[in-house]
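What follows is a single structure, written as structure tokens, with notes after it.
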Amino acid sequence: QVQLVESGGGLVQEGGSLRLSCAASGNIRSIIRWGWYRQGAGKQRDLVAHIFSGGRTEYADSVKGRFTISRDNANNILYLEMTSLKFEDATVYYCHVLSSPYMNYWGQGTQVTVSS
């Protein structure tokens, strides 16, 4: 089992920056892929970014060039650095890991609000 705890959400002005963190505990060695997703009210949960165990990253087109996913391997923390934030980025962000053998784990979610 893997436990995920997010932090770092909050209120930011349009064009501003925010960093989300996700602390993982439990069976870390089983994790194949780490990621961030976001979900608006009444909408499906969409991929924001992935980082694989080997370091390869993937991003949704809507965040490429603005968001950066990274991982602190020593402390088992996943980050999402968000810059040039737009109104449409405001929603709940979820940390996710895929572990072997193909188990999905989610954090509790953290709210990002973008103001004018």
Any hit, segment 9-29, residues being of a type in the set (K, R) and in contact with a Phe, Trp or Tyr (Cβ under 9 Å, 6 or more places away or on another chain): yes
From the options G26, G9, G16, residue that is over 15 Å from the mean Cα position of the chain (by Cα) and within 16 Å of A90 (Cβ to Cβ): G16
Residue among G16, G55, G40, G9 that alone is farther than 18 Å from Y105 by Cβ, crowded, with 16+ Cβ neighbours inside 10 Å and among the small types (G, A, S): G9
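Just so you know, all these numbers are worked out from the coordinates, no wet-lab data involved. Everything quoted here is computed from the prediction, not taken from an experiment. Here Cβ is always computed from backbone atoms with ideal geometry, including for glycine, and neighbour counts include all displayed protein chains.
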